[in-house]
Amino acid sequence: MQEHVTTHQAEEDARNDAILIYLNEEIIPKAQALVSVYDSGFMLGDGIWEGLRLYDGCWAFIDDHFDRLFEAAKAIDLDIGLTRGNLVSALLETQHANKMSTDAHARLMITRGVKMRPFQHPSLSKSGPTITIIMEHSRPSIPRPIRLATVPHMRGLPMTQDPKLNSHSKLNCILACIAAEKAGADEALMLDINGFVNTTNACNFFIVRKGAVWTSTGDYCMNGITRQKVIDLCHTHDIPIYERNFSLVDTYGADEAFLTGTFGAQTPVASVDGRQIGTGDMGPVTRRLRGLYKDLIKEECS
């Protein structure tokens with residue numbers, strides 16, 4: 001039986017034992033970076049976040065990430081309390097404090113802050129927000145294509161918990177991940193409310209059929225920045241791309257499948273529900289898009 005693999009699997013790096021973390025305008029050792037049990041993020045999952053990657057001194061697509069962050073803050077009526085420039089400075093200060101230049105991953109998290117009492121009403125958050133940046137040395141180490149299993153869990157609906165929000169409330173995705181692992185897979189493939197293929201518990205999902213790339217309509221999936229970059233690359237380089245409804249039958253018969261995310265970029269999929277996808281390895285279209293994405297990163301960071 002193959003070992004379990006995750007889409008965020010990274011090489012072990014001893015330097016991460018001594019990282020410095022940004023917490024509310026201070027940069028402090030990892031062991032001292034503590035938040036209150038009354039924090040609204042801990043208590044209720046009331047917060048938003050962004051994941052960013054550092055390539056050769058450059059935080060890739062930083063404007064896209066901060067656009068998404070501030071849009072999410074507005075959507076949940078959260079006053080970040082810092083300007084966009086302040087947050088960028090905090091990111092760079094944390095990077096320099098940790099002497100990081102490349103192959104680093106940052107998770108910027110903002111919660112509604114510390115509550116007066118342990119209940120949900122936002123007015124009880126009198127101290128905050130809580131802002132932290134965890135930055136780690138992180139080189140992806142995904143040894144083989146990912147195995148997916150379809151699960152009954154769905155992403156949140158727009159009228160409940162819109163999946164376009166990068167919120168701290170991730171229990172449905174965690175339950176999906178657990179279900180996939182129980183089924184012997186690495187990650188969960190989640191359907192939308194109409195039964196069409198949507199996304200995984202952690203990444204956006206694409207298939208390739210007869211040289212054309214398919215992904216979901218985007219109505220029920222994460223507002224993925226890497227997802228959009230892949231769509232844009234397809235348009236730019238005359239690779240047929242369709243944002244459409246498609247089923248598990250379409251997926252099982254695909255020539256290739258891959259996942260997208262800030263951490264792993266483009267991760268090939270070996271199988272879905274025990275059905276091998278194509279050769280079970282990275283296909284030519286996925287490989288081409290991976291190369292084009294690397295070129296886009298170089299252009300972004302030049």
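The values are calculated or read from the model by the stated rules, or taken from the named source; none is laboratory data. Source: prediction; values computed, not measured. Every residue, glycine among them, receives a Cβ derived from its backbone with ideal geometry; neighbour counts consider all protein chains shown.
Taking (1) in contact with a strand residue (DSSP E or B) (Cβ under 7 Å, 6 or more places away or on another chain); (2) without any contact (Cβ under 8 Å) to a residue 40 or more places away in the chain in turn, ARG275 satisfies each apart from (1). Looking across the range 114-125, just one residue is farther than 18 Å from LEU34 by Cα and touching a strand residue (DSSP E or B) at 6+ places or on another chain (Cβ under 7 Å), and that is LEU124. Of the strands (runs of 3 or more DSSP E) lying entirely inside the range 205-302, those containing at least 3 residues that are buried (at least 21 other Cβ atoms within 10 Å of the Cβ) span 212-215, 256-261, 265-272. The set of residues in the range 181-198 being farther than 20 Å from GLY283 by Cβ, out of contact with any helix residue (DSSP H, G or I) (no Cβ under 6 Å at 6 or more places or on another chain), touching a residue at least 12 places away in the same chain (Cβ under 8 Å) and not in a loop (DSSP other than H, G, I, E, B) consists of GLU181, LEU191, ASN198. Among what's in the range 55-67 and is buried (at least 19 other Cβ atoms within 10 Å of the Cβ) and in contact (Cβ under 8 Å) with a residue 60 or more places away in the chain, pick the residue that is nearest to ASP232 (Cα to Cα). Among them, the one singled out is PHE61.
Output the residues belonging to the range 34-54 that are more than 15 Å from LEU91 (Cα to Cα) and crowded, with 16+ Cβ neighbours inside 10 Å. Residues satisfying the conditions are VAL35, TYR38, ASP39, SER40, GLY41, PHE42, MET43, LEU44, ASP46, GLY47, ILE48. Against the conditions (1) surrounded by fewer than 20 Cβ atoms within 10 Å (Cβ to Cβ); (2) at pLDDT below 95, SER125 satisfies every one except (1).
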